[in-house]
Amino acid sequence: MFSTTKLFIAFFMLIFCSVFSVAHADQALANAKGCMACHQIDAKKIGPPFRTVAKQYQGQKDALEKLSNKVLDGGSGVWGQVAMPANRTLGVTKADATKLVAWVLSLK
Ligand code: HEC
């Protein structure tokens with residue numbers, strides 16, 4: 001017999017697992033596309049930590065569009081003198097960039 005509590009727990013487990021696997025899938029994409037060679041989630045590597053990027057652009061409506069173009073075209077000067085290369089020359093598509101930046105921005 002299923003009590004309401006058990007159903008509730010089962011429901012939350014389901015939500016938790018699906019949210020977790022989505023986050024995981026996008027980190028896998030970031031690994032596959034080479035982002036994690038220069039970025040980490042919580043610490044500075046060559047580029048800024050992704051969680052710090054998320055905080056920086058929190059609440060900015062155009063951040064997704066702006067940052068996915070930056071990922072594609074590369075650039076420097078926002079976080080320091082070191083430039084990010086144009087990832088479009090490394091096999092990253094616009095769809096990849098949008099997906100990756102959406103993931104980065106979700107990391108608050
Ligand atoms: C060769 C190293 C390198 C790789 C590979 C790299 N990045 Fe970066 N990234 C950087 C550096 C350096 C900066 C800081 C640029 C600046 O200061 O403007 C940066 C900045 C960023 C920013 C913030 C941009 C801004 O203007 O605030 C985002 C978002 C980002 N990277 C996402 C990605 C994603 C997604 C990938 C994978 C497709 C990736 N990066 C691959 C080095 C890299």
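Of note:
- Taking the criterion of being more than 18 Å from L29 (Cα to Cα) and part of a helix (DSSP H, G or I), the residues of the stretch 54-83 that qualify are K55, Q56, A63, E65, K66, D73.
- One residue stands out in the stretch 53-82 among those that are under 18 Å from M36 (Cβ atoms) and either more than 7 Å from the ligand (Cβ to nearest atom) or over 15 Å from the mean Cα position of the chain (by Cα) (or both): the one that is surrounded by the fewest Cβ atoms within 10 Å (Cβ to Cβ), namely V82.
- Single residue of the stretch 85-108 satisfying the filter (crowded, with 17+ Cβ neighbours inside 10 Å and closer than 18 Å to D42 by Cα) that is farthest from the ligand (Cβ to nearest atom): L107
Bear in mind that the values in this text are calculations on the coordinates, not laboratory data. Values in this document were obtained by computation on a predicted structure and should not be read as measured data. Counting neighbours? That spans all protein chains shown, and the Cβs are built from the backbone with ideal geometry, glycine included.
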